[in-house]
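Read through the structure below, which is laid out as structure tokens, and then see the notes.
The values are calculated or read from the model by the stated rules, or taken from the named source; none is laboratory data. Quantities reported herein were computed from a predicted structural model and do not represent experimental measurements. Every residue, glycine among them, receives a Cβ derived from its backbone with ideal geometry; neighbour counts consider all protein chains shown.
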Amino acid sequence: MLRDIGLTVNGEARRLHVDDTRTLLDVLRSELDLKAARFGCGAGHCGTCAVIVDGDDVAACQQEVGNLEGKAITTLEGIGTPERPHPLQIAFIEMQAGQCGYCLAGILVGAKALLDRNPNPSRAEIASALSWHLCRCGAHNRIMAAVELAAEHMREAPMPQGVAA
Amino acid sequence: MSIPASLAANPRLDRWVGFEEPGLVRIAVGKVEYGQGAMTGLAQIAAEELDVGMDRLDVVNPETDLSPDEGLTVGSMSTESSGASIRFACAEARALFVAAAARRLGCDPAEIEIDDGAFLAGGEPSGLDYWALAPEVDLAVAPTGEVTPKPPSKHKIVGRDHGRLDLPAKVFGAAYLHDLAQPGMLHARVLRQPGFHARLAGLDEAAIRRAAGDETVEILREANFVAFLSESEAAANAAIGAAEQSARWDDARDLSPALSETASLKALPAQSFPSPEPPPERSNRRRHTAGYSRPYIAHGSMGPSCGLAVFDDGQLTVWTHAQGVYPLRMLIARVCGVEPASIKVIHTQGAGTYGHNGSDDAAIDAAVIAVRRPGKPIRVLWRREDEFGHEPVGTAMHVELTAELDAGGRIADYATEIWSGSHTGGRGRCLAETALGLPPAPPIVPPPNLPAGVRFSGGILNAIPSYDIPARRVTEHVVQAPVRTSSLRGLGGPVNTYANECFIDELAELAGEDPVAFRLAQISDPRAIHVVTRTAQLCGWDKRGPAATGRGLGFAYCRYRDRGAYVAAAVALTVDTEVRLDHMWCVTDCGQVINPDGAKNQLEGGMIMAASWALKEQVRLAGRGIATITWDDYPILRFDEVPPVDVELVMDQQDQRSSGTGEVSLGPAMAAIGNAVAHALGARLRDLPFTRERIARALLASDS
């Protein structure tokens with residue numbers, strides 16, 4: 001059913017007039033032009049479309065937009081930009097953590113949600129938090145090392161409030 | 001000097017390098033980036049030869065007519081073949097510029113040096129650079145073959161780590177074909193035939209439009225090709241979902257689930273290529289035989305295949321993430337009936353393909369629709385179930401090995417017999433072509449140049465293990481697989497290496513020798529000896545425990561395709577009800593290393609993909625085709641199952657020919673896992689994958 005839905009996306013209030021059964025992934029990509037969350041499987045199995053909804057990382061392909069009234073959504077675009085990169089993005093480049101990179105947008109979102117909950121995760125906690133994300137190129141170890149490196153950088157130099165939603 | 005093949009086939013320097021923009025160097029190659037780091041390595045080679053900084057390079061996205069034609073990006077050959085060509089092209093271009101500078105300055109060319117593009121004469125700035133000289137240097141000339149590239153001892157950029165040029169965009173969320181949108185673009189989904197002989201008998205178009213909730217959904221139907229087009233992606237998705245429910249097909253494929261198993265391969269129709277060598281005379285040497293197998297494997301790209309096309313004023317433009325723009329143009333021309341000269345194919349990155357997945361087909365789908373709807377940009381995105389269900393899969397293989405040991409316990413005779421589907425469809429038989437009812441046509445990619453009488457087959461790569469074996473025979477049966485098969489990372493090489501290197505452990509046991517010592521006794525190449533001994537050292541081979549304790553350490557070695565990288569691997573693992581990987585090691589000598597960290601990234605990724613194949617993966621067939629169409633049906637190795645992987649590169653062979661690394665670690669990794677599982681269990685499993693059920697059967701058998 002077409003209706004008005006209010007969301008906060010990457011810190012910005014957005015009003016949408018859309019069919020409330022559409023997926024959050026479809027709406028992000030086709031209505032809001034946010035393309036970092038990508039279609040991978042449409043079943044919540046692979047994590048390429050992960051976004052943060054009120055603090056939790058979830059598969060955007062499994063969220064009907066009609067259920068998200070008033071929720072705060074963060075996509076990779078809201079985590080950092082080339083001009084103002086998040087420590088995770090710096091660490092992923094430093095560790096060369098990725099190959100084809102199709103999974104990375106979702107994994108970076110998952111890692112951000114993890115570090116928000118737990119600023120000092122062990123390797124096992126990182127593996128567990130990311131275990132619903134698939135990576136076919138086999139960059140897993142570099143990715144986990146990059147999350148550890150970012151956590152270390154963030155503990156040394158916490159980000160000022162207001163940067164990175 | 002002899003001119004490298006790719007340069008000889010595209011013999012004009014300006015096809016490869018140019019100085020049109022002040023301060024920038026245009027580099028064009030025919031290989032494509034899919035995250036393997038090819039562009040970065042090739043850029044390093046160009047920067048090295050031209051003496052310019054990496055930040056001056058503008059590496060052109062491969063596009064027909066703009067880029068040299070280098071066929072497909074396959075076989076771990078980009079660094080070797082494309083790298084050699086760009087090196088020669090840049091060396092020749094540099095020499096032309098140096099000659100021009102020497103003329104201007106009235107000095108000897110030998111006095112000229114170049115520093116980040118600026119020309120020095122006798123060590124002093126000359127005021128000249130590439131861009132100032134560009135108007136008087138004609139690069140629209142053929143290479144002379146008379147310029148010698150820099151010796152490796154002078155290299156400052158090649159051989160050092162360089163961050164991948166493609167990675168930053170990916171970390172900030174950009175980069176993919178899947179994200180391109182154009183004004184007025186229509187989203188398309190294509191209904192797939194259940195088998196090449198299936199005919200569409202009925203389609204309830206009104207019901208499909210109702211299900212889509214969009215009366216404007218357009219249904220394009222021609223023979224057995226059916227596409228649903230809408231400005232709304234959700235509507236196009238809903239339409240194909242409804243169509244799949246209601247479509248009626250005659251002569252749909254009906255496959256027995258037994259065809260999923262490699263035991264079925266021997267019964268399939270096959271073309272056989274027996275070994276020309278005679279079998280050995282009867283002897284009383286010790287003889288051993290065993291059979292190994294790997295089932296059908298999915299490429300498993302993280303992003304389903306995508307294609308974008310627009311047909312305007314007789315010009316067809318196609319964006320693709322397939323492995324080569326020129327071969328795809330030939331295929332599109334044939335399927336769409338448009339002259340190649342009127343087709344532009346532009347590569348844009350997608351998810352990793354690891355071989356021939358659905359990417360060619362998706363581009364052709366988009367082109368087929370675009371020529372029937374001129375003026376409208378058409379975006380085709382396959383669904384996850386299309387990618388799993390209709391891509392050409394990596395073929396199943398069954399490999400039977402027989403060896404004889406002489407009185408000293410050395411291999412005297414080795415015979416390999418292989419049953420395998422095709423590894424290289426030659427990019428023929430695309431889905432849309434069949435669905436449109438076009439007549440069968442030959443593949444568009446010719447086999448690689450080989451001496452007369454030599455047959456190329458992906459199935460026989462590394463068919464004989466990499467040891468000093470006096471007598472060897474290879475027989476191959478190329479079977480007609482029940483589903484489409486094509487290239488998957490390494491073709492038959494990793495499977496043959498898996499079989500051979502597990503079998504070598506069996507032979508070592510027969511000879512009563514330690515597996516690493518048995519290998520070393522039959523290797524004479526010092527580069528091979530180094531990777532074997534170094535890997536044994538890294539993994540603590542001398543402290544390897546007894547067999548059948550539940551903990552295993554396995555080893556393997558091979559020289560990729562008998563002429564490429566030397567690779568040894570070791571794996572430590574634990575087996576209880578299933579296999580848990582504890583650690584993996586790899587030492588590789590790939591000759592000259594261009595980008596060490598890039599090569600390590602490829603080797604690590606190869607080890608992990610191989611572990612996933614070995615422990616988890618099997619495409620299952622049933623009924624209308626492939627039955628494993630979700631990630632739930634087709635699990636791969638996850639973050640919490642991946643072990644630490646230590647990769648060491650040999651860095652003191654920089655004067656040797658450079659070999660690729662993308663495919664080379666998979667075979668040794670799978671074999672080391674097989675050997676480690678045998679060590680842990682005290683019993684050998686030979687059929688992949690090593691699932692919980694197979695482990696349980698092996699344990700039961702060894703208990704009884």
Report task. Please name all residue pairs, on different chains or six or more residues apart, with Cβ atoms under 6 Å, provided the first residue is in region B:617-643 and is within 13 Å of chain A (Cβ to nearest Cβ) and the second residue is of a type in the set (S, T, Y) and surrounded by fewer than 19 Cβ atoms within 10 Å (Cβ to Cβ). Result -> B:R638/A:S131; B:F639/A:S131; B:D640/A:S128; B:D640/A:S131
Query raised in the report: What pairs can you find where one residue is in region B:156-174 and more than 7 Å from chain A (Cβ to nearest Cβ), the other is in a loop (DSSP other than H, G, I, E, B) and surrounded by fewer than 16 Cβ atoms within 10 Å (Cβ to Cβ), and their Cβ atoms are less than 9 Å apart, with a gap of 6+ or different chains?
Result: B:I157/B:G53; B:G159/B:M651; B:A169/A:P82
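Let's see how each residue does on (1) polar (S, T, N, Q); (2) surrounded by fewer than 24 Cβ atoms within 10 Å (Cβ to Cβ); (3) closer than 24 Å to B:D597 by Cα:
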{"position": "A:V51", "(1), (2), (3)": "no, no, no"}
{"position": "A:D57", "(1), (2), (3)": "no, no, no"}
{"position": "A:T75", "(1), (2), (3)": "yes, no, no"}
{"position": "A:T81", "(1), (2), (3)": "yes, yes, no"}
{"position": "A:H86", "(1), (2), (3)": "no, no, yes"}
{"position": "A:I107", "(1), (2), (3)": "no, no, yes"}
{"position": "A:L114", "(1), (2), (3)": "no, yes, no"}
Query - Test result for B:G605, out of contact with any Phe, Trp or Tyr (no Cβ under 9 Å at 6 or more places or on another chain), in the same structural domain as B:T533 (by TED's automatic domain parsing) and not in a loop (DSSP other than H, G, I, E, B) - result: yes
**Report entry** Residues being more than 9 Å from chain B (Cβ to nearest Cβ), surrounded by 20 or more Cβ atoms within 10 Å (Cβ to Cβ) and either out of contact with any Leu (no Cβ under 6 Å at 6 or more places or on another chain) or at positive phi (or both) - total across region A:17-46
**Finding:** 3
Requested in this report: Please state which one of B:E48, B:E70 is outside the structural domain of B:I343 (by TED's automatic domain parsing), under 29 Å from B:Y560 (Cβ atoms), assigned to a loop (DSSP other than H, G, I, E, B) and touching a Lys or Arg at 6+ places or on another chain (Cβ under 9 Å).
Outcome: B:E70
Query raised in the report: Of (1) without any contact (Cβ under 8 Å) to a residue 40 or more places away in the chain; (2) among the small types (G, A, S); (3) part of a strand (DSSP E or B), B:A333 satisfies all except one. Which?
Result: (3)
Query raised in the report: Name the pairs: first residue in region B:90-101 and of a type outside the set (A, V, I, L, M, F, W, C), second residue crowded, with 20+ Cβ neighbours inside 10 Å and assigned to a helix (DSSP H, G or I), Cβ to Cβ under 9 Å, at least 6 apart or on different chains?
Result: B:E92/B:L7; B:E92/B:L13; B:R94/B:E49; B:R94/B:L50; B:R94/B:Y130
Query raised in the report: Within region B:94-107, is there a residue that is surrounded by fewer than 16 Cβ atoms within 10 Å (Cβ to Cβ) and not in a helix (DSSP H, G or I)?
Result: yes
Report summary line: Result of the Cβ filter at 7 Å on region A:99-110, keeping first residues that are closer than 21 Å to B:Q36 by Cβ and facing chain B (nearest Cβ under 7 Å) and partners that are crowded, with 24+ Cβ neighbours inside 10 Å and of a type in the set (D, E), at least 6 apart or interchain, is none
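Which count do you get for residues in region B:216-230 that are in a loop (DSSP other than H, G, I, E, B) and under 35 Å from the mean Cα position of the chain (by Cα)?
If we filter region B:216-230 for residues that are in a loop (DSSP other than H, G, I, E, B), which is where we start, we get B:216-217, B:223-224.
When the remaining residues are screened for being under 35 Å from the mean Cα position of the chain (by Cα), the result is B:223-224.
Selection size over region B:216-230: 2.
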Query - Selected residue [modelled with pLDDT under 95, within 14 Å of another protein chain (Cβ to nearest Cβ) and touching a Gly at 6+ places or on another chain (Cβ under 9 Å)] from B:G389, B:G394, B:G350, B:G355 - result: B:G355
Requested in this report: Answer yes or no as to whether B:R527 is touching a residue at least 60 places away in the same chain (Cβ under 8 Å), of a type in the set (D, E, K, R) and closer than 14 Å to B:M584 by Cα.
Outcome: no
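Enumerate the helices (runs of 4 or more DSSP H) found wholly within region B:447-549, keeping only those where 1 or more residues are surrounded by fewer than 22 Cβ atoms within 10 Å (Cβ to Cβ) and among the hydroxyl-bearing types (S, T, Y).
B:526-538
With region B:235-324 as the region, which strands (runs of 3 or more DSSP E) entirely inside it contain at least 3 residues that are of a type in the set (G, A, S), in contact with a strand residue (DSSP E or B) (Cβ under 8 Å, 6 or more places away or on another chain) and surrounded by fewer than 22 Cβ atoms within 10 Å (Cβ to Cβ)?
Once the strands (runs of 3 or more DSSP E) in region B:235-324 are filtered for at least 3 residues that are of a type in the set (G, A, S), in contact with a strand residue (DSSP E or B) (Cβ under 8 Å, 6 or more places away or on another chain) and surrounded by fewer than 22 Cβ atoms within 10 Å (Cβ to Cβ), what remains is B:286-294.
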Report summary line: Scanning region B:13-23 for residues that are part of a loop (DSSP other than H, G, I, E, B) and under 16 Å from B:R87 (Cβ atoms) gives B:W16
Requested in this report: For region A:66-92, enumerate the residues that are at the interface with another protein chain (Cβ under 10 Å from one of its Cβ atoms), assigned to a helix (DSSP H, G or I) and in contact with a helix residue (DSSP H, G or I) (Cβ under 6 Å, 6 or more places away or on another chain).
Outcome: A:L76, A:I79, A:L88, A:Q89, A:A91, A:F92
Report task. Kindly check whether there is at least one residue in region A:28-50 that is part of a helix (DSSP H, G or I), touching a residue at least 12 places away in the same chain (Cβ under 8 Å) and not assigned by TED's automatic domain parsing to the domain that holds A:L149. Result -> yes
Query raised in the report: Can you name the condition, by its number, that A:M95 falls short on among (1) surrounded by 24 or more Cβ atoms within 10 Å (Cβ to Cβ); (2) out of contact with any Gly (no Cβ under 8 Å at 6 or more places or on another chain); (3) more than 8 Å from chain B (Cβ to nearest Cβ)?
Result: (1)
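Let's see how each residue does on (1) part of a loop (DSSP other than H, G, I, E, B); (2) at pLDDT below 95; (3) within 20 Å of the chain's Cα centre (by Cα); (4) within 15 Å of B:V531 (Cα to Cα):
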residue	(1), (2), (3), (4)
B:P643	yes, no, no, no
B:Q653	yes, no, no, yes
B:I673	no, no, no, no
B:A678	no, no, no, no
B:L685	yes, no, no, no
